[in-house]
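Below is one structure, written out as C-alpha cells; comments come after it.
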Amino acid sequence: MNKNNYYDKISQIYDQTRWLTESVAAEVADFMIKLVSATPKTSFLEPGVGTGLNVIPLVKRGYSVTGIDISEQMLNQFRQKLNGTPENLTLVHADASQLPFENGSFDVVLTVHMLHTVSDRQIFLNEIDRVLKPKGFFLNCQWITPPARREFEAHFRAIQSKYESKHSNSAPESKSPVHAIEEVDLEQYLRTKGYQSNYFIAKEWKVSNTIAELLDFYKSRAYGLCWQVPQEDYNKAIAEFEQFCTNHYGSLEKVISSVAKFEIWAYRHPTSPSNS
Ligand SMILES: C[S@@+](CC[C@H](N)C(=O)[O-])C[C@H]1O[C@@H](n2cnc3c(N)ncnc32)[C@H](O)[C@@H]1O
C-alpha cells in the first residue's frame, strides 16, 4: 500500500488502536512543559502530528502549536476532536521532509513515531535544526507497543508470514521507531551539530485489552504490518490467527495487561550554529 494514503485509510480507527489515553497525554504534556521550561510564548511544532494525540493537551493549555502531516484525513480527525481549529493551532497538510517554515521559527520540535516514515532522515534532521530557535528543544519521542501487545503481535506475525512468501512487497510502516532511531544514529548526528542530549521516561502506565479487541484491530488491518499480503490471503491468515487465539488464550474475552512507557530523547539546540 502506498505510504501516502495508508494513514488516510486508517485515520478513523487510528486512535482506537493506540494506548495513549487523554489523561496520560495530559500528564506527558505537563512533563514536556516542565522539561523545556515553557512560557506562555513557547511555540511547538509536531511534524507527522497525525490525529493530535500528543499535542492536544498543549493546545488546550493555550500554547502555540503547529502540526504538519501528509495525511489530510489524519488532520481531519484532529480537527474533529477540537470541533475546528482554535486560534493557537495551525495545521498544515504537507510532506514534512521539507518544513515550510522560516529559520528559527519554533522553540520546540516534537517527533513521535514519525522519523521512520521520512525518506531522507538526515535532510529531515537538518530541517528540524533549521526551524528550531537557538537553545530550542528537539524532543524525539516514542510510546512503543507494551509487552503484552507485542507478544500478541508476534503471534500474528508468525501466522501471517506463512501467507507472505509469495508476495515480496512489504508494508512501508512495518519498521519500529526503535529501529529507526538506531539506523539514523540521531545521537551522534546531533552531537556533531553541537546538541546536548538527555533521556527521560515521561510516564509509565498500565494498558489492558481483551483479546477480542486486539483481534478486531487486526481484522480491520489497522497496522502497517497487516498489509503484507492481499485481502484473500489475509482473510485466511486472520481465520487461522483467531483459532490460534482461542486455543492459546483460552477465551477471546481474556484480558491481557502490561506497562507502556512514554520515552523522550531530548536534544538541546546549541546557541550558535555549527559548521556542519
Ligand atoms: C505513526 S503516525 C504518528 C502520529 C502521531 N505522531 C502519534 O504519535 O500518534 C505517523 C504520522 O506521520 C505522518 N507522516 C508520515 N510521513 C510523513 C511525511 N513525510 N510528512 C508528514 N507527515 C508524515 C502520517 O500521515 C501519520 O499521521
Inset, instruction - Sequence neighbours fewer than 8 away in the same chain don't count; with that in mind, list the lysines whose C-alpha is under 28 Å from residue 219. - result: 3, 9, 81, 162, 166, 175, 206, 236, 254, 261
Legend entry - Residue exposure sequence - 116, 269 - by fewest surrounding Cβ within 10 Å: 116, 269
Legend entry - Estimated 222 nm signal from helices in the chain, with DSSP H stretches of n ≥ 4 weighted -39500 (n - 2.57), rounded to 500: -12500 deg cm²/dmol
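Quick check on the chain: of the DSSP beta bridges with both residues there, what percent are antiparallel, nearest 5%? Could you put the intermediate results ahead of the total?
Details: 20 of 38 bridges.
For the chain, the DSSP antiparallel bridge percentage is about 55.
Taking 0.36 nm per residue of separation and subtracting the Cα-Cα distance, what length does fully extending residue 236 through residue 165 add?
Gain in length upon complete extension: 24.1 nm.
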Legend entry - segment 199-276-segment 1-61 distance, computed between alpha-carbon centres (Å): 17 Å
Inset, instruction - Please report 185, 15 as a ranked list, fewest other C-beta atoms within 10 angstrom at the top and most at the bottom. - result: 185, 15
Inset, instruction - Note down the nm distance, to one decimal, between modelled labels 7 Å out along Cα→Cβ at residue 154 and at residue 35. - result: 2.8 nm
Inset, instruction - Give me 221, 61 ranked fewest to most by other Cβ atoms within 10 Å of their Cβ, as a rough exposure proxy. - result: 61, 221
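Explain nothing, just the number: relative contact order of segment 29-101, from Cα pairs under 8 Å at least 6 residues apart, as a whole percent.
Details: 99 pairs, mean separation 22.1, N = 73.
After rounding, I find 30 percent.
Find the all-direction average of the projected area of the Cα convex hull for segment 1-152, expressing the result in square nanometres with one decimal place.
Working: hull surface 37.3 nm².
With the hull built on Cα positions only, its mean projection is 9.3 nm².
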Inset, instruction - List the pair-distance distribution P(r) of segment 6-268, using every Cα-Cα distance, as the percent of pairs falling in each 5 Å bin from 0 up to the bin containing the longest distance, rounded to whole percents. - result: 1, 5, 12, 16, 18, 16, 13, 9, 6, 3, 1, 0
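Counting DSSP beta bridges in segment 1-141, what percent are antiparallel, to the nearest 5?
DSSP beta bridges in segment 1-141 are roughly 0 percent antiparallel.
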Inset, instruction - Can you figure out the FRET efficiency of residue 8 with residue 271, using R₀ = 45 Å and their beta-carbon distance, to the nearest 0.05? - result: 0.65
Legend entry - Cross-link reach list, lysines versus residue 133, counting only Cα pairs under 17 Å and skipping chain neighbours closer than eight places: 41, 193
Legend entry - Cβ charges +1 (Lys, Arg) and -1 (Asp, Glu), total dipole of the chain, debye: 440 debye
Legend entry - Centre separation in Å (Cα based) which lies between segment 125-168 and segment 74-98: 22 Å
Legend entry - Relative contact order %, the chain, counting alpha carbon pairs below 8 Å whose residues are six or more apart: 22 percent
Inset, instruction - Would you calculate the separation in nanometres between label points at residue 26 and residue 87, each defined as 7 Å from the Cα along the Cα-to-beta-carbon direction? - result: 2.4 nm
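Taking 30 Å as R0, compute the FRET efficiency from the Cβ-Cβ separation of residue 95 and residue 258 and round it to 0.05. Walk me through the numbers on the way to the answer.
Details: r = 35 Å, r/R0 = 1.16.
Efficiency at R0 = 30 Å is approximately 0.30.
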Legend entry - Reach of residue 60 by Cα under 15 Å, taken over aspartates and glutamates that are not fewer than 8 positions away in the same chain: 22, 27, 30, 87
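Here, each number is a calculation from the coordinates, and none is a lab measurement. As the structure is a computational prediction, the values presented were derived from the model and not from experiment. Every residue, glycine as well, gets a Cβ built from its backbone with ideal geometry; the counts of neighbours run over all protein chains shown.
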